[in-house]
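Data block below; observations after.
The values are calculated or read from the model by the stated rules, or taken from the named source; none is laboratory data. This structure is a prediction, so every number in the text was calculated from the model and none was measured. Cβ coordinates were reconstructed from backbone atoms using ideal geometry, including for glycine residues, and neighbour counts include every protein chain displayed. Areas reflect the complete protein model, heavy atoms only, side chains present, ligands, DNA and RNA absent. Shrake-Rupley method; radii C 1.70, N 1.55, O 1.52, S 1.80 Å.
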Amino acid sequence: MRDQGRLVEWFDDKGYGFIQPNDTNKERVFLHIKDFARPGPRPIVGCALEYIVLLDGQGRFRAQQVTYLKASQTGVKPKTKATPPQKHSVMQLACMAYFVVLTVLVIAGLLSGLVLLLICLMNAASYWFYAQDKEAAQLGGRRVSEQTLHILAFLGGWPAAWLAQQKLRHKTQKQPFRKVYFCTIALNLLLILWLISPLNSLPI
């Protein structure tokens, strides 16, 4: 099945760039000049393209058999009215509630402030590692292991991991990864419950 999108980044001297699919829930697609179905003018940012998406050896979504589209061929319909503001998603509310509950537990003396500090550090590290992995995926560099991302999420960095997935358009379509990610959230919540329970013999 062929997909459509627009070229949002192009490095003409290197002959490659990135396509943003019309479906904004999809990740950007890598495009090389040799992936066009037939010779034509050099691509420019903003041009509409149709292509087939494949997963290359570096784990990137890559466009193949790319062709230019005329305005009449694009699948994007013009907006007829303003889009109403979006409400907070369930995950946004869950992330906010997570930190509110942790703060309340610390104030109540049920959880050490060091644990909250550690979780904040895990969130900062989680977003940074997602950004590094996204850049590596685009440029063909060394990837961050999925195990590292999951460990950070388990240690409390899952809110920043979710934010990175949405903002960076990264790891949003890889179903095995997403399933494990949601498992790390459940395990982290169980860890917090254990820390505040009488079963915890640690001095934290």
Quiz item: For segment 120-158, which residues satisfy the criterion of being among the small types (Gly, Ala, Ser) and either assigned to a loop (DSSP other than H, G, I, E, B) or touching a Cys at 6+ places or on another chain (Cβ under 7 Å) (or both)?
Solution: GLY140, GLY141, SER145
Quiz item: Quick check: is even one residue across segment 46-58 at pLDDT 80 or above, surrounded by fewer than 12 Cβ atoms within 10 Å (Cβ to Cβ) and part of a loop (DSSP other than H, G, I, E, B)?
Solution: yes
Practice problem: Could you list all residues from segment 117-165 that are closer than 22 Å to ASN200 by Cα and either crowded, with 17+ Cβ neighbours inside 10 Å or within 12 Å of the chain's Cα centre (by Cα) (or both)? | Solution: ILE119, MET122, LEU152, ALA153, PHE154, LEU155, GLY156, GLY157
Quiz item: Counting only residues that are closer than 17 Å to GLN92 by Cβ and not in a helix (DSSP H, G or I), how many does segment 159-186 have?
Solution: 2
Quiz item: Can you tell me which residue in segment 87-100 is modelled with the lowest pLDDT, limited to those that are within 19 Å of the chain's Cα centre (by Cα) and loosely packed, with under 11 Cβ neighbours inside 10 Å?
Solution: HIS88
Practice problem: Run down LEU111, LEU105 and say which single residue is outside any helix (DSSP H, G or I), open to solvent by less than 60 Å² (accessible area, probe 1.4 Å) and touching a residue at least 60 places away in the same chain (Cβ under 8 Å). | Solution: LEU111
Quiz item: Could we say that ARG62 is touching a residue at least 40 places away in the same chain (Cβ under 8 Å) and touching a strand residue (DSSP E or B) at 6+ places or on another chain (Cβ under 6 Å) here?
Solution: no
Practice problem: Please enumerate the residues belonging to segment 168-181 that are surrounded by 13 or more Cβ atoms within 10 Å (Cβ to Cβ) and modelled with pLDDT of 85 or more. | Solution: LEU168, PHE177, ARG178, VAL180, TYR181
